[in-house]
Amino acid sequence: MATAEFPLPDVGEGLTEAEIVQWRVAIGDEIAVDQVLVEIETAKSLVELPSPFAGTVTGLLVSEGDTVEVGKPIIRVESDASVASGAPTGVQPGGTAPVADSVPTSPVVASTPAPAPAAQAPAAQAPAAQAPAAQTPPAAPAASAPAAAAPAARHAAAAPEVADHATVVGSDESSGAVLVGYGSATTSPSRRKPGARRAAALAAEASRASSADAQAAAEAASDPGEDSTAQAVAAQGTRPRKALAAVNVLAKPPIRKLAKDLDVELTEVVPTGLAGEVTRDDVIRHAKQAGVFRNIETPEWGDVRRETIPVKGVRKAIATAMTTSKFTAPHVSLFVDVDATRTMEFVKRLKASPTFAGVKVSPLLVFAKAVIWAVRRNRSVNSTWTDQEIIVHHFVNLGIAAATPRGLIVPNIKDAQDMSLFELAQALEELTLTARDGKTTPKQMADGTVTITNIGVFGMDTGTPILNPGEVAIVAMGTIKPKPWVVDGEVRARMVTTIGASFDHRVVDGDVASRFVADIASIIEEPALLLD
């Protein structure tokens, strides 16, 4: 019976430690390659770690709630199977296995649930003619491996079955266990098509989908000519169809919570609010008609007079980032009221359009497009301050401030300036769903250039947002609601919102900031300007 241990990997950008949130396996469980082992929380997001090997779990080496340093073993597995072909068995003097040039020797794991295998490059010690890139690299010569490497080689000869993208990275002398990890996602590029990678991730969740369905999705996604069924299933992932439909319903978060408390399906509620929005009365009326209405009780305080919440993980990262931003960059804020009636009419037409069927359309979509349009006309707001220079970005990685159960995060849509309105709507929906599921990766939150925040979903008119670190502008959109507005000399009821924006005054002067906000307001007042 061979033993292997899995050390906590660096899942992205210099991670030094992470908290064990929830084990997905228990001692005695039989696990398969790429099955999710554990959820960890880094300083940026919640990440699922897939298993690089198959076997029986014999030890969970850390407990839920523990903070673990990168490289520390977290789980032990035993198996009768042998090491898969392609996993090197020797160990270099530094304690790591000799691997191909394209795969790092440190015990790291890719941040995607089901990384794809990378083509093997020849070992440094072997001539290219003897070990082509597509073949398994030979073991290192005896001269390059001292006697200390022998125990690892002996254990590796009978180690558990490992994934084709995993590698033996060392051994533990005291326990005799082989350490197994993954190649880095950044230096070991995937050779699978995106559809195949999504299907592989779906197949890894054996507990959530039948093996037959997952196999069918994987086979269809691997064929370039077959992309409808498999990619649709893989893109949807494990989210129920009803949940996706409910997201497209126009309703504020408090109304969604009310519907959940009353066991009301939002897609079945007849909306009576402005622009087809579901109101509180709509939910209660539906609940009464369905016979499920009940009074909502306010939770009791309980006997505990104080609650202590540790400052760690995402909350600690938020505190550090906001403090640094607020007391480093001199903030200046501007506000303007905007008649958003035409935007609401435009959103209603988009929802009725067959082109936008199946994708969420909201005023946030027009707002995001307006910000991108205004950035192109006022490029200094899309910059980074470095003390020595100002870097003006000629692309827009649009950050979206997202409230999640674990705190505020700001993932961004890469190269948003090149997206059509439909593509932007798809990207916004995927970003929102991923954030709500706690699946946002560190890469998705890196390299933002300008940020927007939609505080209107909470019923707020406006605010003074704090800059996302590394950026010089952030724009907030308030709630859109009927207000008296002067039109052609007459007071009429119009759909009005307030735009608030904060800037780093070291980079953005008052005139540029004012023009930028005015440009956004002009699009909200007349979305047809986007056709220019």
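The values are calculated or read from the model by the stated rules, or taken from the named source; none is laboratory data. These figures come from a predicted structure and were not determined experimentally. Please note: Cβ atoms are built from the backbone with ideal geometry, for glycine as well, and neighbour counts cover all protein chains shown.
In table form, for the structure just shown:
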{"item": "Among residues of segment 332-356, those that are surrounded by fewer than 16 Cβ atoms within 10 Å (Cβ to Cβ) and out of contact with any strand residue (DSSP E or B) (no Cβ under 7 Å at 6 or more places or on another chain), counted", "result": "7"}
{"item": "Gly459, sole failed condition from (1) within 20 Å of Lys252 (Cα to Cα); (2) among the small types (Gly, Ala, Ser); (3) free of Cβ contacts under 8 Å to residues at least 40 places away in the same chain", "result": "(3)"}
{"item": "Residue check, Ala493 surrounded by fewer than 20 Cβ atoms within 10 Å (Cβ to Cβ) and aliphatic (A, V, I, L, M)", "result": "yes"}
{"item": "Hey, Thr441 surrounded by 19 or more Cβ atoms within 10 Å (Cβ to Cβ) and either charged (D, E, K, R) or within 17 Å of Phe367 (Cβ to Cβ) (or both) or not", "result": "no"}
{"item": "So Ala329, is it out of contact with any helix residue (DSSP H, G or I) (no Cβ under 7 Å at 6 or more places or on another chain), surrounded by 17 or more Cβ atoms within 10 Å (Cβ to Cβ), in a loop (DSSP other than H, G, I, E, B) and modelled with pLDDT under 95", "result": "yes"}
{"item": "Qualifying residue in segment 451-466 (condition: assigned to a loop (DSSP other than H, G, I, E, B) and in contact with a Pro (Cβ under 6 Å, 6 or more places away or on another chain))", "result": "no"}
{"item": "Given (1) crowded, with 20+ Cβ neighbours inside 10 Å; (2) in contact with a Pro (Cβ under 6 Å, 6 or more places away or on another chain); (3) modelled with pLDDT of 85 or more; (4) over 29 Å from Ala321 (Cβ atoms), number of the condition Leu61 does not satisfy", "result": "(1)"}
{"item": "Residue match in segment 68-83 (condition: under 23 Å from the mean Cα position of the chain (by Cα), closer than 30 Å to Leu408 by Cβ and at pLDDT below 85)", "result": "no"}
{"item": "Subset tally (residues that are over 18 Å from Lys252 (Cα atoms), out of contact with any Lys or Arg (no Cβ under 8 Å at 6 or more places or on another chain) and in contact (Cβ under 8 Å) with a residue 24 or more places away in the chain) for segment 473-493", "result": "3"}
